[in-house]
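Worksheet: the structure to be examined is printed underneath.
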Amino acid sequence: MKSSFCCNCSGSLGFGCLVQPRLGSTAFPPTKRKEQTDPDLFSTNSSQALATARARPEAGSLSRIRRLSSSLPATFRTCLSGRRKHTYGDGNHSCSSLYMASGQLSRAEALACSGCRHACHVMLYCDTNTLLFGSIPIRHIVLPLLLPQMQMRFDGLLGFPGGFVNLSEESLEAGLGRELLEELGVAFQILEEDHVDSCFAPASSPASSTSPRLITHFYTKKMEEGQIRAVETAAVTTATDHGQEVLGMVRVPLHSTKGGGGLASFLSHSFVGNARFQLLHTLLRLHLVAPEELREALARSLKIQARASEELRAALARVEGKTNLPHHSPAHTG
Ligand SMILES: O=c1[nH]cnc2c1ncn2[C@H]1C[C@H](O)[C@@H](COP(=O)(O)OP(=O)(O)O)O1
């Protein structure tokens, strides 16, 4: 049976997606990044950013400062020496934690790692004043909504659009543009200034079990609401990867519902590699969600996951019970 999954407004996965009309392919020119960030604090030069963070702590979050303080140089030395046996990527040495991302590299350091594989992904987003459920005043939903985009991948995990880049043939940004055309059906020009960070992928990343090590480069691109809507349409019509590598685009719900849905439910799903941390970090960095809101959403998310674990255990027990039934044994079928 073919089923169509989508992410509903409470952030949970459910059935019943809209079918979008067919449109021609679209091309989006580069945009200058104008984000509410401190340019020094988010410099691609880690030591400069750390110095700024220490000198002006009010300019950035404590987590950012802690993150920058972690053991970057040792990690770089290990990588740049080209040794195959390494310790990063084990959870403590990859960008898999907001507070302990010692696997973070500057763009230049990442590019200097000739033995590494590289993958680039982007978060597209826009502001919107659209009300959830049209005109119905739902007081417990935080508005305005913002619409960051992610996608449901072929492996059932949530991730950002993008993919592997071959640096011997293309730049990071050209490779990302190529991947976006395949996955979204839209020609984008991603610029170096859209680059946010580069990290060693966690050991749990699909491509990390094999050498060489994977570095993931993350970008953000702010668009107009109409452009995002056009991307959503092209992604299910002109994109060659639709239904294959990409099962559908999803909007990230940034609101919270009274029952604890919205962002909390969304965050409790399964993400590829360090995509969840890329999302969390970006939501804070761009001030799309207040730190306190994010803390609450994460705490709720943990409760949702605990409930889901119980449900899965119960489902597994039921399925295991059923598979022992005689009519499932080949000897009794036919
Ligand atoms: O969204 C992501 N954030 C961080 N890392 C990611 C994300 N999506 C994938 N990955 C990692 C894990 C994958 O093995 C590699 C390559 O990405 P992918 O999109 O699967 O590459 P292709 O489309 O197959 O080129 O990056």
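The values are calculated or read from the model by the stated rules, or taken from the named source; none is laboratory data. Quick caveat, the model's predicted, so the values are computed rather than measured. We place every Cβ from the backbone using ideal geometry, glycine too, and count neighbours over all the protein chains shown.
Against the condition at pLDDT 90 or above and over 14 Å from the mean Cα position of the chain (by Cα), how does Glu224 come out, does it pass?
no
Please find, among Arg300, Arg251, Arg313, Arg276, the residue that is surrounded by fewer than 20 Cβ atoms within 10 Å (Cβ to Cβ) and either touching a residue at least 12 places away in the same chain (Cβ under 8 Å) or out of contact with any Phe, Trp or Tyr (no Cβ under 8 Å at 6 or more places or on another chain) (or both).
Arg313
Whether any residue in the range 196-212 is over 30 Å from Ala306 (Cβ atoms), without any contact (Cβ under 8 Å) to a residue 12 or more places away in the chain and not β-branched (Val, Ile, Thr) is what I want to check.
No, the range 196-212 contains no residue that is over 30 Å from Ala306 (Cβ atoms), without any contact (Cβ under 8 Å) to a residue 12 or more places away in the chain and not β-branched (Val, Ile, Thr).
Can you name every residue in the range 273-313 that is under 20 Å from Leu147 (Cα atoms) and of a type in the set (Val, Ile, Thr)?
Thr282, Val289
Tell me whether the range 279-286 contains one or more residues that are touching a Phe, Trp or Tyr at 6+ places or on another chain (Cβ under 8 Å), among the charged types (D, E, K, R) and more than 12 Å from the ligand (Cβ to nearest atom).
Within the range 279-286, one or more residues are touching a Phe, Trp or Tyr at 6+ places or on another chain (Cβ under 8 Å), among the charged types (D, E, K, R) and more than 12 Å from the ligand (Cβ to nearest atom).
Looking only at the range 254-273, filter to residues that are touching an Asp or Glu at 6+ places or on another chain (Cβ under 8 Å) and under 25 Å from Tyr219 (Cβ atoms); which one of those is surrounded by the fewest Cβ atoms within 10 Å (Cβ to Cβ)?
The selected residue is Val272.
Considering only strands (runs of 3 or more DSSP E) fully contained in the range 127-213, which possess at least 3 residues that are modelled with pLDDT under 95?
149-153, 186-188, 195-200
Looking only at the range 180-201, which residues are surrounded by fewer than 23 Cβ atoms within 10 Å (Cβ to Cβ) and within 9 Å of the ligand (Cβ to nearest atom)?
Glu182
Given the residues Ala230, Ala239, Ala308, which is the only one that is hydrophobic (A, V, I, L, M, F, W, C), more than 30 Å from Gly103 (Cβ to Cβ) and surrounded by fewer than 22 Cβ atoms within 10 Å (Cβ to Cβ)? Walk me through it before giving the result.
On the way: Ala239 fails: surrounded by fewer than 22 Cβ atoms within 10 Å (Cβ to Cβ); Ala308 fails: more than 30 Å from Gly103 (Cβ to Cβ).
Residue meeting the stated conditions: Ala230.
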